[in-house]
Amino acid sequence: MATRVAAIPPSAPTRRVQTPPCTLVVFGAGGDLSRRKLLPALYNLAMGGTLPDRFALLGVARRGLTNEAFREEMRAAVSEFSRRRLDPELWRRFAEGVDYVSGDFEDGASFERVSARLQQLDHRFGLEGNRLFYLATPPTEFGTILRGLKRAGLIHPPGAGPWSRVILEKPFGRDLESARSLNRLAAEVLDESQIFRIDHYLGKETVQNILVLRFANSIFEPLWNRKYVDYVEICALETVGVGTRGKFYDQTGVLRDIVQNHLLEVLALTAMEPPTTGGADDIRSEKLKVLNALRDPWSDTIRRDVVLGQYRGYREEPGVAPDSMVPTYAALRVFVDNWRWQGVPFYLRTGKKLKKRATEVSVHLQPIPLSLFGRPDVCEFVKPNVLTLRIQPDEGIQLEFASKVPGDDFMVGALTMDMKYTEAFGGEPPEAYERLLLDAMRGDATLFSRRDWVETSWGWIDPIVRYFEEHAAGPFPNYEPGSWGPAHCDEWMRGEHRTWREP
C-alpha cells in the first residue's frame, strides 16, 4: 500500500521538549545491557541531535579500567550494536564526555569517588548538577546503591535547583511481596516522582502509537468496545531460547518474565479509557484502572483460562534443572470487567523457540450478521475485519477488510492494507531505549511504571504463578522448537470457536 504522510505545517504547535544538561551515571556499566542497549542508544541520540549539548556519561562498575579502556570498550559496543554506522568524528566528540569510576558498590569510598568525578564533570561541561542514575544491576544491588548515593549526598529532593532521578531495571520483584519490599526501599531514598521503573516494551514506536491510533482518529475510537470487537489478541513470540539466561530464567519463567510486565502493559494501553489530559499521571491512572478491572483468577478457573508449555531441549540449556517444570510458553484468556469491555476476551500469548518472532496487537471485529453477496458456495463466509498493530519486527499497522473481486461475477475477497513505518516515515524507527532515556532526562514518566501499577500487576498474576507451582501444568516438554507452541493451545482456541492469528 502506498502511504502518504502529510507534514505538520510550520505554524502548527509541536511537542518538542528541550532536554536539560545532565550526567547519566550507569551502575553496572560493564554489563551486556550497557554494551548492547544503553551506549548504542546514547550514540544514536547524539547522531540524531536530540542528546543535550551539555551531556556526560559516567560508568561505574567493579572492574578496574582506565577511562581510555572503558571508552574503547564502549566504542566497540556502539560499532557492533548501534542501528547507525559509527562516525569517527561524532564518536570522538561524544567520547570526550565519557568517564569511568571503578569500585565496589558496598564500599562507601566508591561513592565518594563518584561524587568527586561528578563535580569535575559539572565544572568541565556546565551540567548544572543534574544527575540521572541508571541501575543496570540485579535488583539485589538496588538497596546498596541507593543508600550509597544518599550517604554521599548525590540524591537531591525534588524541587528547585538540580534534579536527581533514578532508573530501575526490571525485574522489579518476583512476586507481590518482593515488589512491595523494593518499593519501600526506593521510597526510603527517593520521592516517587524521581523513580523511573523501565520496561523497554513501552519505548517501542508502535506501542506508543496505540494511543495515537485510538485517540487521534475518530474512525477507530467509536468501534473500540464490546459492541464491535469480538476479541483481542496480544502476542510476544520469540524464535530464540533462553541462551545464557538459563539460571535466571529457571527461577523466573515466562509468567514473571513477560506476562506480568510487557503483556499487561500493552493490554492496559489497548483497553484504557481516554485520559483527561496527555499528562503522565493521567495516562498511568487510566492504565491502572484496567488492571483493577481484570477478572480475578480463581483456583477453579485458572486451568480453564491458562495454557503453559515448555520447549523440548529447555532442560538441557546451561543453568536449567534437568527436571525443570518452569514454563517457557503461556497463553491466557483475560477479561476486563468494565462497561467498555465486558464479555470481550483478551488472549495473551508468548513463548520462546517458536516459529516466528513477532509482537503484535490484533483487534478482531465482530463478523457481519448475514452475507448478502453472491452464491453461498463462493462467499457465504466473509472474514471479519482485523486491525493489527505490529510492534516488532517490521513495525506498522495492518487492516484486513473485504472487497469485491474484479470481474463479471459477484465475488467477495479479502484484502489487506499495510502501513510500514520504514516506508511511511523513512528510515528505521528509534529503538526503545533511545526514547526512554530521553524521556527520563526530560522528567517525562509517561512510559515508566508507577508504584501502584507494579504492585497491582503482581497482585493479579501471583495467584496464577502459585497455582502452577503447586499443580503440574502438564507433562513437560510439550512443544517442539520451531512450532507455534503446545498443540493443546490450538485445541483450546478451537474450543472457543476461534483461531490464533498467524503473524
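The values are calculated or read from the model by the stated rules, or taken from the named source; none is laboratory data. Just so it is clear, the model here is predicted, and its values are computed rather than measured. Ideal geometry is used to build each Cβ from the backbone, glycine not excepted, and the neighbour counts take in all protein chains shown.
Miscellaneous remarks
- Residues (among the β-branched types (Val, Ile, Thr), under 30 Å from Ala473 (Cβ atoms) and in a helix (DSSP H, G or I)) located in the stretch 269-304: Thr270, Val290, Ile302
- Residue, nearest to Glu434 (Cα to Cα), within the stretch 54-97, restricted to residues that are touching an Asp or Glu at 6+ places or on another chain (Cβ under 8 Å) and without any contact (Cβ under 8 Å) to a residue 40 or more places away in the chain: Asn67
- Test: residue in the stretch 318-328 that is acidic (Asp, Glu), within 26 Å of the chain's Cα centre (by Cα) and either exposed (fewer than 13 other Cβ atoms within 10 Å of the Cβ) or in a loop (DSSP other than H, G, I, E, B) (or both): no
- Within the stretch 187-217, if we keep just the residues that are part of a loop (DSSP other than H, G, I, E, B) and in contact (Cβ under 8 Å) with a residue 40 or more places away in the chain, the residue that is surrounded by the most Cβ atoms within 10 Å (Cβ to Cβ) turns out to be Ile198.
- Only one of Asp452, Asp408 that is surrounded by fewer than 15 Cβ atoms within 10 Å (Cβ to Cβ) and out of contact with any strand residue (DSSP E or B) (no Cβ under 7 Å at 6 or more places or on another chain): Asp408
- Among the residues of the stretch 237-254, those identified as part of a loop (DSSP other than H, G, I, E, B) and hydrophobic (A, V, I, L, M, F, W, C) are Val240, Val242.
- Test: residue in the stretch 458-473 that is aromatic (Phe, Trp, Tyr), under 20 Å from the mean Cα position of the chain (by Cα) and assigned by TED's automatic domain parsing to the domain that holds Gly241: yes
Let's see how each residue does on (1) modelled with pLDDT of 90 or more; (2) within 25 Å of Gly173 (Cβ to Cβ); (3) of a type in the set (S, T, N, Q):
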{"site": "Val98", "(1), (2), (3)": "yes, no, no"}
{"site": "Ser110", "(1), (2), (3)": "yes, no, yes"}
{"site": "His123", "(1), (2), (3)": "yes, no, no"}
{"site": "Leu132", "(1), (2), (3)": "yes, yes, no"}
{"site": "Pro138", "(1), (2), (3)": "no, yes, no"}
{"site": "Ile145", "(1), (2), (3)": "yes, yes, no"}
{"site": "Gly148", "(1), (2), (3)": "yes, yes, no"}
{"site": "Pro157", "(1), (2), (3)": "no, no, no"}
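- Selection from the stretch 464-495 of residues that are among the hydrophobic types (A, V, I, L, M, F, W, C) and surrounded by 14 or more Cβ atoms within 10 Å (Cβ to Cβ): Ile464, Val465, Phe468, Ala473, Phe476, Trp484, Cys489, Trp492, Met493
- Filtering the stretch 23-51 to residues that are farther than 18 Å from Asp439 by Cα and part of a loop (DSSP other than H, G, I, E, B) leaves Gly28, Ala29, Gly30, Gly31.
- Here the condition is being more than 24 Å from Gly253 (Cβ to Cβ), at pLDDT 90 or above and part of a helix (DSSP H, G or I); of Arg180, Arg184, Arg165, it holds for Arg184 alone.
- Odd one out for Glu502 among (1) closer than 23 Å to Gly396 by Cα; (2) surrounded by 15 or more Cβ atoms within 10 Å (Cβ to Cβ): (2)
- Count of the stretch 304-317 residues which are free of Cβ contacts under 8 Å to residues at least 40 places away in the same chain and surrounded by 14 or more Cβ atoms within 10 Å (Cβ to Cβ): 1
- Tally, over the stretch 401-422, of residues that are more than 13 Å from Arg390 (Cβ to Cβ) and not aliphatic (A, V, I, L, M): 9
- Candidates Asp418, Asp444, Asp409, filtered to the one that is over 30 Å from Ile302 (Cα atoms), over 22 Å from the mean Cα position of the chain (by Cα) and assigned to a loop (DSSP other than H, G, I, E, B): Asp409
- The numbered conditions (1) closer than 22 Å to Pro430 by Cβ; (2) at pLDDT 90 or above; (3) more than 22 Å from the chain's Cα centre (by Cα) are all true for Leu39 except (3).
- Any hit, the stretch 335-344, residues being over 28 Å from Gln398 (Cα atoms), buried (at least 18 other Cβ atoms within 10 Å of the Cβ) and under 22 Å from the mean Cα position of the chain (by Cα): no
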